[in-house]
Amino acid sequence: MPSFHFRPMILQCGKYSLPLDRPLVMGVVNITPDSFSDGGRYLRPDAAVAHARRLIDEGADLLDIGGESTRPGAAAVSLDEERRRVLPVLEALLPADIPLSVDTQKPELMREAAAAGAAMINDVNGFEAAGALQALAGGSCALCIMHKQGQPLTMQQAPQYRDVVAEVDAYLRVRIAAAETAGIARSRLVVDPGFGFGKTLAHNLSLLCRLDRLTAAGVPVLAGLSRKSMIGALTGREVGDRVYGSVAAALIAAQRGALILRVHDVAATRDALALWNAVESNKNND
Ligand code: 9MG
């Protein structure tokens, strides 16, 4: 935790300027029939909005709304279908006055979501699609640049790295530079190692252990570990039963410098962070 005199990074996130003086909790809102953790539960817009409001009540600092599953092997969704799922939920949540992120890989939807009031675009494809960075260059919304190896259909078959931490770090730095070249200020950028996206358990553990290395690029790090297969592999638990493991993983990520935690279980994560924050703040009294 930063000390009292520490000047926090500020993330420009649409109309919000978020001081990153403590890790923020990003609640996941999946409007998909097939997400690995909660697929189909919130496919109807009113169910998704009600779920989002629950996450806000639990203390979410921001929400990530997605209309296309990114789990390994997931079916692609057309632009029209993704738009039909995401935009009504985004619009219904704007009055909640909380930064809303849209998880999409499609430049057209990035542009439409930003125009509709999204404060962040979260792209598991690192804004590599033609026109993705340009779609956002003129505005103020934040960009979460995530690393993945391969494509969702096959990415978990045989991921390989010589040095996973160095390679992910190098990729993220290249994408930061690409965003800056496209005219996007560094203060709008977030990076993410992409746990589970073309990574074995050993790769995920190396990245979590050395997350501090990724913070050195000077851009806030987002970590998404919640309910992932890595937690299942380490605890032996099914996806609906991974809350404790997910909270532990989020706390470890925060301790290693992650400033945004993408989670399904907002209340549980907030409680764990409250304890950590209290202990860390107490250091200043010593
Ligand atoms: C959409 N999505 C699923 N997992 C994710 C993760 O780990 N990070 C980000 N940025 N997005 C994710």
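Quick one: which residue in Leu273, Leu251, Leu225, Leu207 is surrounded by 18 or more Cβ atoms within 10 Å (Cβ to Cβ), of a type outside the set (Val, Ile, Thr), outside any helix (DSSP H, G or I) and at pLDDT 95 or above?
On the way: Leu273 fails: outside any helix (DSSP H, G or I); Leu251 fails: outside any helix (DSSP H, G or I); Leu207 fails: outside any helix (DSSP H, G or I).
Matching residue, one of Leu273, Leu251, Leu225, Leu207: Leu225.
Is there a residue being touching a helix residue (DSSP H, G or I) at 6+ places or on another chain (Cβ under 7 Å), among the β-branched types (Val, Ile, Thr) and within 13 Å of the ligand (Cβ to nearest atom) anywhere in region 170-190?
No, there is no match, as no residue in region 170-190 is touching a helix residue (DSSP H, G or I) at 6+ places or on another chain (Cβ under 7 Å), among the β-branched types (Val, Ile, Thr) and within 13 Å of the ligand (Cβ to nearest atom).
Would you confirm, using the coordinates I've provided, whether Met110 is in contact with a Gly (Cβ under 8 Å, 6 or more places away or on another chain) and either of a type in the set (Val, Ile, Thr) or within 16 Å of the ligand (Cβ to nearest atom) (or both)? Explain how you work it out, then say what you get.
On the way: in contact with a Gly (Cβ under 8 Å, 6 or more places away or on another chain): no; either of a type in the set (Val, Ile, Thr) or within 16 Å of the ligand (Cβ to nearest atom) (or both): yes.
The answer is no for Met110.
Within region 55-65, does at least one residue satisfy the condition of being farther than 20 Å from Arg227 by Cβ, within 14 Å of the ligand (Cβ to nearest atom) and either of a type in the set (A, V, I, L, M, F, W, C) or surrounded by fewer than 19 Cβ atoms within 10 Å (Cβ to Cβ) (or both)?
No, every residue in region 55-65 fails to be farther than 20 Å from Arg227 by Cβ, within 14 Å of the ligand (Cβ to nearest atom) and either of a type in the set (A, V, I, L, M, F, W, C) or surrounded by fewer than 19 Cβ atoms within 10 Å (Cβ to Cβ) (or both).
Name the residues in region 81-113 that are among the small types (Gly, Ala, Ser) and assigned to a helix (DSSP H, G or I), would you?
Kept after step one, since they are among the small types (Gly, Ala, Ser), are these residues of region 81-113: 92, 96, 101, 113.
Passing the criteria: Ala92, Ala96, Ala113.
Going by the conditions given, is Asp169 under 22 Å from Asp212 (Cα atoms) and among the acidic types (Asp, Glu)? Steps first, answer last, please.
On the way: under 22 Å from Asp212 (Cα atoms): yes; among the acidic types (Asp, Glu): yes.
So Asp169 fits the description; yes.
Are any residues in region 114-152 within 14 Å of the ligand (Cβ to nearest atom), outside any loop (DSSP other than H, G, I, E, B) and closer than 20 Å to Arg83 by Cβ, and if so, which ones?
Hits for region 114-152 are Met120, Ile121, Asn122, Asp123, Leu143, Cys144.
Any residue in region 85-99 that is of a type in the set (Lys, Arg), at pLDDT 85 or above and surrounded by 14 or more Cβ atoms within 10 Å (Cβ to Cβ)? If you could, list the steps in order and put the result at the bottom.
Within region 85-99, the first condition is being of a type in the set (Lys, Arg), and the residues that meet it are 85.
Cutting the leftovers down to at pLDDT 85 or above gives us 85.
Next cut, surrounded by 14 or more Cβ atoms within 10 Å (Cβ to Cβ) only: 85.
There is at least one residue in region 85-99 that is of a type in the set (Lys, Arg), at pLDDT 85 or above and surrounded by 14 or more Cβ atoms within 10 Å (Cβ to Cβ).
Of the residues in region 171-190, how many are closer than 22 Å to Ala130 by Cβ and in a helix (DSSP H, G or I)?
Within region 171-190, residues that are closer than 22 Å to Ala130 by Cβ and in a helix (DSSP H, G or I) number 12.
Restricted to region 191-202, and to residues that are surrounded by fewer than 24 Cβ atoms within 10 Å (Cβ to Cβ) and not in a loop (DSSP other than H, G, I, E, B), which residue is farthest from the ligand (Cβ to nearest atom)?
My answer is Ala202.
The values are calculated or read from the model by the stated rules, or taken from the named source; none is laboratory data. Only a predicted model underlies this, so the values are computations on that prediction, with no experimental measurement involved. Because the Cβ atoms are built from the backbone with ideal geometry, glycine has one as well, and the counts that use them run over all protein chains shown.
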